[in-house]
């Protein structure tokens, strides 16, 4: 059972990671664009238990850290995503009002995305990563949030279906 | 039981956080394994990225065009304006080049004849409704121009100053039907009167019935008393046809003016002529045809072996 879940989840994340790197990252979207991989990770965490969410955050973080487009040290994304995925799952787990309502999920994922980006910037600053200008940073964060608001509703049914497939949870959103 | 699950969860969280911090520490310390992992991921992703790039190039271009639609329009508009400006500059430049060319030929002519001239731009053509052929130039009494002074262009006679104002002058063109000038044929020195016909040609009436003219003869202004209205020696035109009417007392001919009245940009007013008559010195030199070299081939027959044996 564990191997099946791990295999399906790993395959899904790997495919989304490749799609992000090979397709999404190559398109120049206005205001910075979005990350379907990050949205998948946060949605997956919101639909999972805190333990699973933390493990998923760890795996997704490792993949993001290994991405050629990442400038931070290995473990940077991992640390942030472990904490954020655990936090999302912790707040939403057991609260059917939160999980059963797509609007709540979308808003939570968008808010989480903003927190993740801000955390990445702050920790990056502490780790000595050179940041861009404030206006550019704000544009990227706000742009990402808007794009996430647009893209998450499109991805949500597919991610929920894949999550059901992996965990056989029969959850309906 | 529930507490045990929560504890395990927290333990896992702590382990994951510690692992993350461990990875960060390793990377910041520059461990080679981490760099190897990154380069391995990059190598594995490269084919997907290349494939994605090939597939997405048309889409990227489309999205890029939409994103920069306003900017592209502005750029096109700017380039259009710039193009228009450059075209205007080019036209102005061509016009100036033409004027410079005309001025240069006038100076050549005036220099050869030792005329003192005042150059002026043609600022207006006379109205065709006035039934006269005139031009207005941007030089007047303030520039030393007086009535009845000769006006020349690079090729020859243009006309005579008819009216003078402070900053401009009205010039009667040689094409005006009322225009008459005394001329002589370069070389033979036969004299006649040339009358304008309202076009680029004029009518020549010779004064002596013993003389003859032929097509191609060059006419020069004969000159007036005190060089007004006409200075002597100015080229006027070339005979294009000769009329030998049976009952005519003297010969007449049709003459084409040297000056191009359709493209007058800059003209010069002769304000002082030299005392000595330049005679035929200003007559344009007839173009000498360039001889075409004849190629002659000499062929020496080679004796055939059979002929030599006989």
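The values are calculated or read from the model by the stated rules, or taken from the named source; none is laboratory data. On a predicted model such as this, the values are computed, not experimentally measured, just so you know. Using ideal geometry, Cβ is built from the backbone for each residue, glycine included, and neighbour counts are taken over all protein chains shown.
It is to be established whether one or more residues within the stretch A:99-119 are in a loop (DSSP other than H, G, I, E, B) and either out of contact with any helix residue (DSSP H, G or I) (no Cβ under 7 Å at 6 or more places or on another chain) or within 14 Å of another protein chain (Cβ to nearest Cβ) (or both).
So in the stretch A:99-119, the residues in a loop (DSSP other than H, G, I, E, B) come out as A:100-101.
Filter again for either out of contact with any helix residue (DSSP H, G or I) (no Cβ under 7 Å at 6 or more places or on another chain) or within 14 Å of another protein chain (Cβ to nearest Cβ) (or both), leaving A:100-101.
Yes - at least one qualifying residue is present in the stretch A:99-119.
Once the stretch A:69-82 is narrowed to residues that are more than 11 Å from the chain's Cα centre (by Cα) and more than 7 Å from chain B (Cβ to nearest Cβ), the residue that is modelled with the highest pLDDT is A:72.
Looking only at the stretch B:249-300, residues that are modelled with pLDDT under 80, farther than 24 Å from residue B:192 by Cα and in a loop (DSSP other than H, G, I, E, B) come to 14 in all. Could you go through the stretch A:142-153 and let me know if any residue there is free of Cβ contacts under 8 Å to residues at least 60 places away in the same chain and within 24 Å of residue B:10 (Cα to Cα). No.
With respect to the conditions (1) within 8 Å of chain B (Cβ to nearest Cβ); (2) within 20 Å of residue A:25 (Cα to Cα); (3) modelled with pLDDT of 90 or more, residue A:66 lacks only one, and its number is (3). Counting only helices (runs of 4 or more DSSP H) wholly contained in the stretch B:1-114, the ones carrying 2 or more residues that are at the interface with chain A (Cβ under 8 Å from one of its Cβ atoms) occupy B:2-28, B:32-67.
Taken as a whole, the stretch A:8-17 holds at least one residue that is within 10 Å of chain B (Cβ to nearest Cβ) and crowded, with 18+ Cβ neighbours inside 10 Å.
If the requirement is being modelled with pLDDT of 85 or more, under 19 Å from residue B:137 (Cβ atoms), touching a helix residue (DSSP H, G or I) at 6+ places or on another chain (Cβ under 7 Å) and crowded, with 24+ Cβ neighbours inside 10 Å, which of these qualifies: B:169, B:153? Don't jump to the end; show me each part of the working.
Details: B:169 fails: touching a helix residue (DSSP H, G or I) at 6+ places or on another chain (Cβ under 7 Å).
After ruling out the rest, the residue left standing is B:153.
Scanning the stretch A:45-54 for residues that are surrounded by 22 or more Cβ atoms within 10 Å (Cβ to Cβ) and facing chain B (nearest Cβ under 7 Å) turns up A:50, A:54.
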